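> Quick one: the structure is below, questions incoming.
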């Protein structure tokens, strides 16, 4: 993988410039050992080279570990955006994001690893965030650890669509609660007012047959946050087998539908939307 920088400032040597861009120390160590190189205007140089405005710096990044601990399994998934640095997928419901004991070979990570290998993409599995297995929607992967680091320092706006079994009142607002592990369950959590560690901003988009269709913005990322927050309002999410009731379609009506951020490398504004089958605009 090659990362390119058009130099606009003077007085920087390559290593100092790249540290400013967020390149982790491990990359310098790998390149020093021969796994990668630096080029300025198509000429191979070392990391002490003094850059000047107008130079094109190209960093041939170390080849990523292909993830020996992740089994490569053929599986279908929908790609909504891809470039040399990122892969964004519209995840189907009821698919684990990463391998687990129950889903060792049939998680999204297994399918992505197969896709990388079949297409000669030297990348490991770096999920920028994760979705619970029942949750569907947009999920982003970085193709290198370096991109993961950059995205951790990037503002990413992520919104969810959800349908509740009852009408949510008020129709818009903020939910702030404490979320703790349920000592009687390996999976479940519960809410408390004794402390606050989670926050959701929401608004109702429409009401159909006494069901609220909600747009929700996570201000924190606690496990099962949206499921618990709307349960606390007496309106479990449709299809929530853990905190509510199963539905005939077997689908949790919770979908990551909106992503917006500035691409850390290209500086392009990336705006993506994806709508689930159970929602009519």
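Every number here is computed from the coordinates shown, using simple stated rules; none is lab data. Worth saying up front: this structure is predicted, and the values here are computed from it rather than measured. Note: ideal-geometry Cβ built from the backbone for every residue, glycine included; neighbour counts use all protein chains shown.
> Below 8 Å, C-alpha to C-alpha, sequence gap of six or more: please give me the relative contact order for segment 159-256 in percent.
Rounded, it is 34 percent for segment 159-256.
> Which peptide among 10-18, 77-85 comes first, and what is the full order, when sorted by highest mean count of other Cβ atoms within 10 Å?
Ranked by mean Cβ neighbours within 10 Å, highest first: 10-18, 77-85.
> Specify the inter-centroid distance of segment 220-262 and segment 133-162, based on alpha-carbon positions, in whole Å.
Here the two parts' Cα centres lie 18 Å apart.
> Okay, moving on. Going by average Cβ neighbours within 10 Å, how do the peptides 54-60, 151-157 rank, with the highest at the top?
Ranking the peptides 54-60, 151-157 by packing returns 54-60, 151-157.
> Specify whether the C-alpha gyration tensor of segment 159-256 places it in the rounded, prolate or oblate class, a ≥ b ≥ c being the square roots of the eigenvalues: rounded for a/c under 1.5, otherwise prolate if a/b is larger than b/c and oblate if not.
Taking the square roots of the gyration eigenvalues as a ≥ b ≥ c, segment 159-256 is oblate.
> Under a crude label model (7 Å from the Cα following the beta-carbon direction), how far is residue 186 from residue 42 in nanometres?
In this crude spin-label approximation the distance works out to 5.8 nm.
> Taking only C-alpha pairs under 8 Å that are 6+ residues apart, what is the relative contact order of segment 67-185 in percent?
24 percent
> If you don't mind, there's one more thing I want to ask. Given contacts defined as C-alpha pairs under 8 Å and at least six residues apart, what's the relative contact order of the chain, whole-number percent?
15 percent
> Same structure, new question: If you fit an axis through the alpha-carbon atoms of helix 108-118 and take the longest principal axis of the Cα set of the chain, what angle between them do you get, 0 to 90°, nearest 10?
30 degrees
> May I pose another question? As a check on your grasp of the helix formula, calculate [θ] at 222 nm for the chain: sum -39500 (n - 2.57) over DSSP H runs of n ≥ 4, divide by the residue count, round to the nearest 500.
Mean residue ellipticity, 222 nm, calculated: -4000 deg cm²/dmol.
> Fewest to most neighbouring Cβ within 10 Å: what's the order for 168, 208?
Least crowded to most crowded, the residues run 208, 168.
> In segment 2-60, what % of DSSP beta bridges are antiparallel (nearest 5)?
Looking only at bridges with both residues in segment 2-60, the antiparallel portion is about 100 percent.
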